[in-house]
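Student: I have a structure here, written as structure tokens, and I will follow up with some questions on it.
The values are calculated or read from the model by the stated rules, or taken from the named source; none is laboratory data. What you see is a predicted model; the values in this text were computed from it and never measured. So basically every Cβ, Gly included, is an ideal-geometry build from the backbone, and we count neighbours across all protein chains shown.
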Amino acid sequence: MKNPYLPNKYMILDVQHQTDIDYTFRVACDIAPKNGQFVELSIPKIGEAPISISDFGDGYIDMTIRRVGKVTDYLHNLRPGDHMYLRGPYGNGFPLDHYKGKRLVIAAGGTGLAPVKSIINYFHQHSQEIQGLDLFIGFKSPKDILFMDEIENWMKNERFNVVLTVDKGDECWTGNVGLITQYISQESIGKDENLEVIIVGPPMMMKFTALEFLKKEILENQIWVSFERKMSCGIGKCGHCKIDETYVCLEGPVFNYTKAKKLID
Amino acid sequence: MSLKLSREAFDDVLKDLGKEYKIYAPIRIKGEGRFSDTDVVRYGEVSGLDEIEIHEKAHFSPKEILFPITQTLFYFTEGEYQEPKYDEKKIIVFLRPCDINGVTRLDQVFLENGEDKDIYYERLREKVKFFMIECIEGFDNCFCVSMDANKTEKYAAAIRFGDDMLVEIKDEALINAFQEKGEFVNFEPTFIQENLVNVKLPDIEQITTETFEDDMWKEYAQRCIACGRCNFVCMTCSCWTMQDIAYDENNSSGERRRAWAGCHVDGFTDMAGGHGFRKNYGDRMRFKTMHKINDFKKRNGYHMCVGCGRCDDVCPEYISFSSCINKVTKLVGEERK
């Protein structure tokens, strides 16, 4: 009998410090995920946690992980050559093909950028597959900014319109300040059946960002969100991520807004 | 095949079966109840008929036999994952029809929900035979008839307890143990037809976001103390949390195990970083109620609650789940049959 809880051991290839508390781990592995899927990452005797896959390629996956708990505290002491344990990938992921040929709008708050980063990079490398990409990225402060090198690359892409903002600036910051909803309201985004919107971030940010797009006459079925919930299993058994008759680990974490708006925790 | 046996003969059969099976049944544990000088009735291993307590509802359900309170999934030595040894001995459980129907709900979650089967549950489940305790009168707070969980065909043997024991044996593997121990009779178990408590079930098609936001849940925000006892005595609550531990004596070794979790208890939805949901206890009552009598059915075609009433028996705040169901029904209208 196959034991679905048994993880495999993988070697860390690289650790990039994005901020003081967010590190990106590149792990050599045969997991071939879809954009927006997640894995269960574990360290024996410490614990197990669901983690988004922030990017992937031939023979590796990346995970950007904030130091906020027991597993992630331990993880942040690991170096290239060390090992971690993974099982998965789990969840449905984003319907990438559905976005091709359209104008895509992505609004990401904080670590919410991680689960959509692989989509942005895909369209950065395959710009001809998309009409354009409007990217709204918000962080709490300049020191919380993730993936700065990549954001700068995206800004150079002619088909991309990148708006980077922080809730609160500092003396060195000369960029945008304010919530992303305010920048979305200024953009010329409106009724357009050839447009798709992805929103990922903290629950409040997702709620108000969705309302902002709806105000601009974007249809509910054009909006996609990705949920984050407590999970112990990732395979529909432990019950933590269930919302009504929906299991976020099985039918999510990516939901169309027509479904997401009905999910009451 | 049905037999009438003397209590002594039935006891002999149990002792005989005990060589091949672990036998679990409700037992009375003196002085271990919630109040001083009260007993607790819960599941334990038995070796004879006299140990089985059938005059009172078991305060805890038999689910812990299939889904232990804590269960080791892996042992760790130097980072290697090792599955625990598999105990080959088969299991017999004495339980009532509502609880047998409860196992169907556990099967649904552990074996049918999602693509993967939970092998730890499956390995235990495959070893279990049900000895159904005939239950004609029920107890306080029972509402199994309303939940359509008062009857079942899924038993290896059915037993009427009395001065003589009446047994219907369905499982051929058991015939040897019972043969020549009693006389053939016509016996089929009777199922309870009416409880002291009845509920009207809601029309789940009429349950909407307004139902979730209704004022009826505010009462529970005041009354519930989030102790989770209703979750832990429930036959069908199947949630759990993963835990890793390192042994004190030798912290290079340890284990990964799962432990029961309850949606009423603090921390059920808390994530690293501080986000959580349903901080309000009324929302937790709404969440549990909707799972038991709304969303489980929307997903699986039948209600999760089996009406055993243990949640009402155990609540220290005297919250009645059956009353809560009736309130939902009053709000949205009765189920159309």
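Residue by residue, here is whether (1) of a type in the set (A, V, I, L, M); (2) under 13 Å from A:Ile61 (Cα atoms); (3) in a strand (DSSP E or B); (4) within 22 Å of the chain's Cα centre (by Cα) holds:
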{"residue": "A:Met1", "(1), (2), (3), (4)": "yes, no, no, no"}
{"residue": "A:Tyr5", "(1), (2), (3), (4)": "no, no, no, no"}
{"residue": "A:Val27", "(1), (2), (3), (4)": "yes, yes, yes, yes"}
{"residue": "A:Pro33", "(1), (2), (3), (4)": "no, yes, no, yes"}
{"residue": "A:Gly36", "(1), (2), (3), (4)": "no, yes, no, yes"}
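Student: Just to be sure I understand, how many residues within region A:96-133 are assigned to a loop (DSSP other than H, G, I, E, B) and in contact with a strand residue (DSSP E or B) (Cβ under 8 Å, 6 or more places away or on another chain)? Full working, then the answer.
Tutor: Step one: of region A:96-133, the residues assigned to a loop (DSSP other than H, G, I, E, B) are A:100-102, A:126, A:130-131.
Then drop every residue that is not in contact with a strand residue (DSSP E or B) (Cβ under 8 Å, 6 or more places away or on another chain), which leaves A:102, A:130-131.
So the count comes out to 3.
Student: Please go through region A:45-76 and give me each residue that is part of a loop (DSSP other than H, G, I, E, B) and either farther than 19 Å from A:Lys34 by Cα or in contact (Cβ under 8 Å) with a residue 24 or more places away in the chain (or both), ordered by number.
Tutor: A:Lys45, A:Ile46, A:Ile53, A:Ser54, A:Gly59, A:Arg67, A:Val68, A:Gly69, A:His76
Student: Here's something else I'd like to know. Of all residues being out of contact with any strand residue (DSSP E or B) (no Cβ under 8 Å at 6 or more places or on another chain) and facing another protein chain (nearest Cβ under 8 Å) in region A:1-47, which is surrounded by the most Cβ atoms within 10 Å (Cβ to Cβ)? Just the residue, please.
Tutor: My answer is A:Asn3.
Student: For region B:241-261, which positions are surrounded by fewer than 19 Cβ atoms within 10 Å (Cβ to Cβ) and either more than 9 Å from every other protein chain (Cβ to nearest Cβ) or under 10 Å from B:Thr77 (Cβ atoms) (or both)?
Tutor: Scanning region B:241-261 gives B:Asp248, B:Glu249, B:Asn250, B:Ser252, B:Ser253, B:Ala259.
Student: Among the candidates B:Phe232, B:Phe212, which residue alone is within 13 Å of another protein chain (Cβ to nearest Cβ) and either surrounded by 19 or more Cβ atoms within 10 Å (Cβ to Cβ) or in a helix (DSSP H, G or I) (or both)? Explain how you work it out, then say what you get.
Tutor: On the way: B:Phe232 fails: within 13 Å of another protein chain (Cβ to nearest Cβ).
Only one candidate qualifies: B:Phe212.
Student: Taking B:Val93 as the residue in question, decide whether it is crowded, with 21+ Cβ neighbours inside 10 Å and either part of a helix (DSSP H, G or I) or not assigned by TED's automatic domain parsing to the domain that holds B:Ala9 (or both). Let's see the steps before the verdict.
Tutor: Numbers: crowded, with 21+ Cβ neighbours inside 10 Å: yes; either part of a helix (DSSP H, G or I) or not assigned by TED's automatic domain parsing to the domain that holds B:Ala9 (or both): no.
For B:Val93, the condition - crowded, with 21+ Cβ neighbours inside 10 Å and either part of a helix (DSSP H, G or I) or not assigned by TED's automatic domain parsing to the domain that holds B:Ala9 (or both) - is not met.
Conditions (1) under 30 Å from A:His83 (Cβ atoms); (2) free of Cβ contacts under 8 Å to residues at least 60 places away in the same chain; (3) within 14 Å of chain A (Cβ to nearest Cβ), marked per residue:
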| position | (1), (2), (3) |
| --- | --- |
| B:Lys57 | no, no, no |
| B:Ile65 | no, no, no |
| B:Thr72 | yes, no, yes |
| B:Tyr86 | yes, yes, yes |
| B:Lys89 | no, no, no |
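Student: Right, another one. Quick check on A:Lys168: is it surrounded by fewer than 14 Cβ atoms within 10 Å (Cβ to Cβ), out of contact with any Pro (no Cβ under 8 Å at 6 or more places or on another chain), without any contact (Cβ under 8 Å) to a residue 40 or more places away in the chain and basic (Lys, Arg)? Even if it seems obvious, please write down each step before you answer.
Tutor: Numbers: surrounded by fewer than 14 Cβ atoms within 10 Å (Cβ to Cβ): yes; out of contact with any Pro (no Cβ under 8 Å at 6 or more places or on another chain): yes; without any contact (Cβ under 8 Å) to a residue 40 or more places away in the chain: yes; basic (Lys, Arg): yes.
In short, yes.
Student: Next question, about the same structure. Could you tell me which residue of region B:113-128 is nearest to B:Thr70 (Cα to Cα), considering only residues that are free of Cβ contacts under 8 Å to residues at least 60 places away in the same chain and more than 9 Å from chain A (Cβ to nearest Cβ)?
Tutor: B:Leu124
Student: Out of the strands (runs of 3 or more DSSP E) lying entirely within region A:186-265, which hold 3 or more residues that are free of Cβ contacts under 8 Å to residues at least 60 places away in the same chain?
Tutor: Working: elements: A:195-200, A:223-226, A:254-256.
Qualifying strands (runs of 3 or more DSSP E): none found.
Student: Let me ask you something else. Would you tally the residues in region B:29-47 being under 23 Å from the mean Cα position of the chain (by Cα) and either closer than 21 Å to B:Ile91 by Cβ or polar (S, T, N, Q) (or both)?
Tutor: 9
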